[in-house]
Amino acid sequence: MDAAILKFFESIRCPFLTGFFGVFTFLGEGLTLGAAVILLYWLLGSAGEQLFFTAVTSFSLNGALKAGVSRPRPYRAGVVSRIEVDNFFVSTMDLGDTLSFPSGHVQSISSALLAESLRVGKILLWAGTVVVILLVAASRLYFGVHYPTDVLAGLLLGIFVALLWHIVFTRFFRWRYAVLAFVAAALLIALPFAAASDSYQAAGLLAGGAFFLPFAHALRCPDPKGWKRLLRIPVGGLLAGAVFALTLLFPEDAGLTLLKWFLITGAATLGATALFKLLKI
């Protein structure tokens, strides 16, 4: 069934559909979603925590599972060919040939959009969420980089993570940081068994969130109204970008990869919050 579905998508390939599905693959890119999550965290204040927790947990779980399962991608197994795209927005060329299961794009977009849908509860948002998730899933099949079972697993895991944090935030709100710390500790313990670069990046993000977010919450001042809140975007972006640029000087090393993303997360949460409070924005 996996092969039959992939061959169908291979049979309908054309320039128009490549561009169309490229848009939805872009929406599921880690960098795209990461930037959107951070911006919403800055703009929504405490209301953005649930989305941040969900996105970081989902990315970390996905990285650990990819490294642990090590399923070859369908083009690597010779099931279908891959559409080779490599530009600033979308790339299918540097994916990790044995990191097929589960789909990171589908898991990330489904967990993030479902988290917001659960929090907001609007019918239009729910409808848009379903459409976008299905199109992101179809895009990964169209490009030949995932099996249908990969995207199905990504969807189910995204639903699981979104529901987990929704339950924590609605029923066990005061324990949310303890739960995040437990998840971060579990991933750090599992690192020796899933030692891929994505796993160390995920562990750094999750550990950074668990360590810095409680301090950022304690430091947070009342959120401003109106246009002043928008000033958080360039201020936070400059700080996080500066720390990211400095970490590019780090040598290639697994432990330093973990430290790099730990520091970037700290800059985007505690560091940015401190600046917002200082500048009263």
With respect to P214, is the statement that it is modelled with pLDDT of 75 or more, over 30 Å from T98 (Cβ atoms) and not assigned by TED's automatic domain parsing to the domain that holds W165 true? yes
For V151, are the conditions met, namely being touching a residue at least 60 places away in the same chain (Cβ under 8 Å) and under 16 Å from the mean Cα position of the chain (by Cα)? no
Restrict the check to the stretch 107-117 and report whether at least one residue is more than 15 Å from the chain's Cα centre (by Cα) and either under 17 Å from Q50 (Cα atoms) or of a type outside the set (G, A, S) (or both). yes
Check L95, L39, L27, L61 and return the single one that is outside the structural domain of G266 (by TED's automatic domain parsing), over 30 Å from D2 (Cα atoms) and aliphatic (A, V, I, L, M). L39
Lone qualifier among R71, R76, R82 - being assigned to a loop (DSSP other than H, G, I, E, B), out of contact with any Phe, Trp or Tyr (no Cβ under 6 Å at 6 or more places or on another chain) and in contact (Cβ under 8 Å) with a residue 12 or more places away in the chain: R76
In this structure, is F276 touching a residue at least 40 places away in the same chain (Cβ under 8 Å) and either among the charged types (D, E, K, R) or under 17 Å from L40 (Cβ atoms) (or both)? yes
Kindly indicate the residue of the stretch 99-156 that is of a type in the set (S, T, Y) and in a loop (DSSP other than H, G, I, E, B) and also farthest from E29 (Cα to Cα) among those meeting that condition. Y147
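What residue, of A216, A254, A210, is under 22 Å from L187 (Cα atoms), crowded, with 16+ Cβ neighbours inside 10 Å and aliphatic (A, V, I, L, M)?
Testing whether each residue is under 22 Å from L187 (Cα atoms), crowded, with 16+ Cβ neighbours inside 10 Å and aliphatic (A, V, I, L, M) leaves just A210.
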Counting only helices (runs of 4 or more DSSP H) entirely within the stretch 163-272, those with at least 3 residues that are under 19 Å from L33 (Cβ atoms) and without any contact (Cβ under 8 Å) to a residue 40 or more places away in the chain are 232-247
Hey, could you check the stretch 85-98 for residues that are part of a loop (DSSP other than H, G, I, E, B) and not β-branched (V, I, T) and say which is nearest to G28 (Cα to Cα)? F89
Scan the stretch 45-68 for residues that are touching a residue at least 12 places away in the same chain (Cβ under 8 Å) and either over 18 Å from D150 (Cα atoms) or hydroxyl-bearing (S, T, Y) (or both) and report the count. 14
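The values are calculated or read from the model by the stated rules, or taken from the named source; none is laboratory data. In this text the structure is predicted, and so the values were computed from the model without any measurement. Note: ideal-geometry Cβ built from the backbone for every residue, glycine included; neighbour counts use all protein chains shown.
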